[in-house]
Amino acid sequence: MNDHREAYIVTYDVSQDKLRNKVEKIIKEYGVRVQYSCFYCPVEKRVLLQVLMRLEKIIDKKTDSVIAVPLEKDWEKYVIGTLRNDPNFEIKRVI
């Protein structure tokens, strides 16, 4: 993984299947799914903001949400169980 890039956890809660599939498809272009509605996205902030602007145009802001949380460069990764996909980052400790 390129440590020079910023990274974000992007998660979503979208009620309609058709919209949820569109949201998933867009986020998948920039990140790796680590849970059903949660992606690890190693992108710069400007790219993240472009993604969020795309998502804003398609979600129903009265019922749906998208949350992006910035990760610090040396964030610790704790995992219980198995991730859906390999996000290509080092897990320092598995519980």
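Among the residues here, Y36 qualifies as open to solvent by 20 Å² or more (accessible area, probe 1.4 Å), among the aromatic types (F, W, Y), closer than 25 Å to E76 by Cα and modelled with pLDDT under 95. Here H4 fulfils each of the conditions (1) more than 15 Å from the chain's Cα centre (by Cα); (2) modelled with pLDDT of 95 or more apart from (2). Scanning region 6-37 for residues that are among the β-branched types (V, I, T) and not in a loop (DSSP other than H, G, I, E, B) turns up I9, V10, T11, V23, I26, I27, V32, V34. Remark: pairs (first residue in region 68-79, farther than 15 Å from G31 by Cβ; second residue modelled with pLDDT of 80 or more and among the acidic types (D, E); Cβ separation under 9 Å; 6+ apart in sequence or on different chains) = K73/E6. State whether one or more residues within region 45-66 are open to solvent by less than 100 Å² (accessible area, probe 1.4 Å), modelled with pLDDT under 95 and assigned to a strand (DSSP E or B). Looking through region 45-66, none of the residues is open to solvent by less than 100 Å² (accessible area, probe 1.4 Å), modelled with pLDDT under 95 and assigned to a strand (DSSP E or B).
The values are calculated or read from the model by the stated rules, or taken from the named source; none is laboratory data. Not measured: the values here are computed from a predicted model. Reconstructed Cβ throughout: ideal geometry from the backbone, glycine too, with neighbour counts over all protein chains shown. Surface accessibility is based on the protein's heavy atoms, side chains included, excluding ligands, DNA and RNA. Shrake-Rupley method; radii C 1.70, N 1.55, O 1.52, S 1.80 Å.
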